[in-house]
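Worksheet: one structure, shown below.
Nothing in this text is a laboratory measurement; each read-out follows from the coordinates by a stated rule. Please read these numbers as outputs of a predicted model, since none were measured by experiment. Neighbour counts run over all protein chains shown; Cβ positions are idealised from the backbone, glycine included.
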Amino acid sequence: MANKIKKVAVDTIEDVEIPDGKIADYITGKWVKETEQEQVRQNFERTLVEEYEYPETDIRVDFSIKIWDGDKQKTKKSPLAVMQAGKEESYILILIAAPKANPTDKSGGASELEQWLVDIPTADYGCWTNGIENIFFQKKKTKFETDVFPVNDFPRFGEDASSIYTTDRRRLRVATGNNLLYAFKRCHDYIHANQGGSKEQIFWEFLKLLFAKIEDESHTGRPRFAIRSAEERNDADGQKEVKDRAEKLFKEVRSKPEFKGLFDAQAEGILFNHETVSYIVAQLEKYDFIHSSVDVKGVAYETIVGPTLEGTKGEFFTPRNVVKMTVKMLDPNPGDRIYDPACGTGGFIVIAFNYVSEKLRQKHKLKWKNKNKPTEVEEKKLFDEIHETGYSIFGTDFNSNLVKAAQMNMIMNNDGRGGLYAVNSLKDPNSWAKEISQKIQLGSMDFVMANPPFGAKIKIDSREILEHYDLAHGWSKTTDGKWQQEANVRNAMEPEVLFVERCIKLLKPGTGKCGIVLPDSILGNPGYAYVRFWILQNCQVLASVDLPVETFLPRTGTQTSVLILRRKSDQEKLMESMSGEMAAYDIFMANVKKVGKDRRGNFIYKKDEKGREIVNRELYKPFAESTILDFLPVAETTGRIVDDELPIVADMFKKSKKIK
């Protein structure tokens, strides 16, 4: 059975049949069969338009080409082709292979694309891709022969052959879709196949090169993290020059005061051999890390961090949509003091930093001569202010490796200083190093955001820690149904209970606000009634968002909620104590059913009342042009909308109750 949607034209509305198992092609709008190989093509189509900036009118899908087979010509179809401007003659040919295909395959491999380039006189460039691996070719013709050889890339729209190698910063481009993710995966696979080493060692060596890349982007002039010629990509002497430049960049990183101690446990230089370094530089050089979106960089980075560092002590990534919802509900401003006492790899602080940075960008845009592209002077002024607001954002975690990973995450997002520290966040801040305790004090934060570790297996049993917490003491119920704190200290406590108290006491009394992910047991189990009493005595509950079990699956099936709290002032608590009752206020509550994925972590899409997928291609452009301030539901190039209610919750909360 076919689904139906309404297609809005300029002057009419018509029903459009959506065949089952089909998706709308990004370029043509026609329905095509949804396969893994087709998904690769759709991503590449988006890349041609959004990264390479080729007009859609110059791109052909399944373009017919004539190939020589002996002394006969055969007609084949190039899955994608870019035309020469204003002509119906191919300029770039793209062979889309299945995700599991190999470039050495006899049929459909890279050699077939090379033959296409030889046989098609007008085609100068080609790319073989299976979605993760990309192999680029250039063709050069002389009077007597045609030579096809591997290169780094093909030109963007309006560029010539001299732009294939990154010799000019203007060539850097913003990553879209999954392209940076795939670049990271290519690097990961190449390292394991050609370099070897433990997971952790490989991660830290790769991290060194990421730092070198970001360091290079912070300078003007000719890029150093770059492949400047075919020799640097393919010849040993050239590859050594690439590694030498990367080593110098990393040396500059190590010498910066804000990175002191970050790589103390690692070798001074880059341990990867020059072939591996050259390969990694070739994969990453073209991308503009500073200007690429937080989502594109975050998803790519998590694929590298996750297998190496996650899950050893109850840590796991907070889903990005949960973080975005929480940050939008809290709505911090530039200069606000923001802190995550269980920062892990930096999910909350990275999103919060990007959120306030975008507010600064919107303010600066009003003064730019060109609203879409600032001058170098205008952008420097913006970045200076962004860096300044970064000094108000802090994160701590007990796991020093996670803190280092979080620092890299922040640096990838244009934050160049270190507000991150490896300390036990549950200890008395006065016991921390003086440098840290001066910056992070109880009662000093405008916003605290956290997804603390939780679980009965990781209880805190240090009396040195427990004696500082009200909730670590015994509690008894009074005759009037309230609770009172006893003198005795318990032998052990779940960390999430202690983190509730620590987060709230970090806030400025009267104005400080907290967004915290908690297991539902805290909010519902009778044994935690005293915890809920303590929360209500010390805070106003601004919102409670009940999340479905799919939220953290397939990692853990713990049911969780997000609480948005405001810390009461001492005067408020005194007045309530004198009156014997709490002041009345509204609480925003939401029971979320869908978070965009199923129990296995696969995307789910919006459907109509009859269970048919809803397709609206007009939603893609607004989504692609939106910012982190908007937090719109994900719309794919095909027109499908990820079925995620969290953007709706954040929007409803903002409309119903402005946080002041």
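Quick one: how many residues across segment 442-476 are under 30 Å from PRO334 (Cα atoms) and among the small types (Gly, Ala, Ser)?
The total comes to 3.
Please enumerate the residues belonging to segment 160-175 that are surrounded by fewer than 18 Cβ atoms within 10 Å (Cβ to Cβ) and either of a type in the set (Ser, Thr, Tyr) or free of Cβ contacts under 8 Å to residues at least 12 places away in the same chain (or both).
Correct list: ASP160, SER162, SER163, THR167, ARG170.
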Quiz item: Of the residues that sit in segment 604-636 and are of a type in the set (Ser, Thr, Tyr) and touching a strand residue (DSSP E or B) at 6+ places or on another chain (Cβ under 8 Å), which one is nearest to THR326 (Cα to Cα)?
Solution: TYR605
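Of the residues that make up segment 409-430, is at least one without any contact (Cβ under 8 Å) to a residue 12 or more places away in the chain and either part of a helix (DSSP H, G or I) or within 15 Å of CYS343 (Cα to Cα) (or both)?
yes
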Practice problem: Name every residue in segment 169-220 that is within 30 Å of GLN42 (Cβ to Cβ) and not in a helix (DSSP H, G or I), in order of residue number. | Solution: LEU172, ARG173, VAL174, ALA175, THR176, GLY177, ASN178
Quiz item: Inside segment 119-159, can you point out the residues that are in contact (Cβ under 8 Å) with a residue 12 or more places away in the chain and of a type in the set (Val, Ile, Thr)?
Solution: ILE120, THR122, THR129, ILE132, ILE135, THR146, VAL148, VAL151
Self-check item: Residue tally, condition surrounded by fewer than 20 Cβ atoms within 10 Å (Cβ to Cβ), more than 21 Å from LEU181 (Cβ to Cβ) and hydrophobic (A, V, I, L, M, F, W, C), over segment 260-303
Solution: 4
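Taking GLU550, is it in contact with a Lys or Arg (Cβ under 7 Å, 6 or more places away or on another chain), part of a helix (DSSP H, G or I) and not aromatic (Phe, Trp, Tyr)? Quick ask: steps written out before the conclusion?
Values: in contact with a Lys or Arg (Cβ under 7 Å, 6 or more places away or on another chain): yes; part of a helix (DSSP H, G or I): yes; not aromatic (Phe, Trp, Tyr): yes.
So GLU550 passes the test.
I'd like to check which helices (runs of 4 or more DSSP H) are fully inside segment 297-406 and have at least 1 residues that are of a type in the set (Asp, Glu). Give the steps one after another, and end with the answer.
Details: elements: 320-330, 347-365, 376-390.
Answer list for segment 297-406: 347-365, 376-390.
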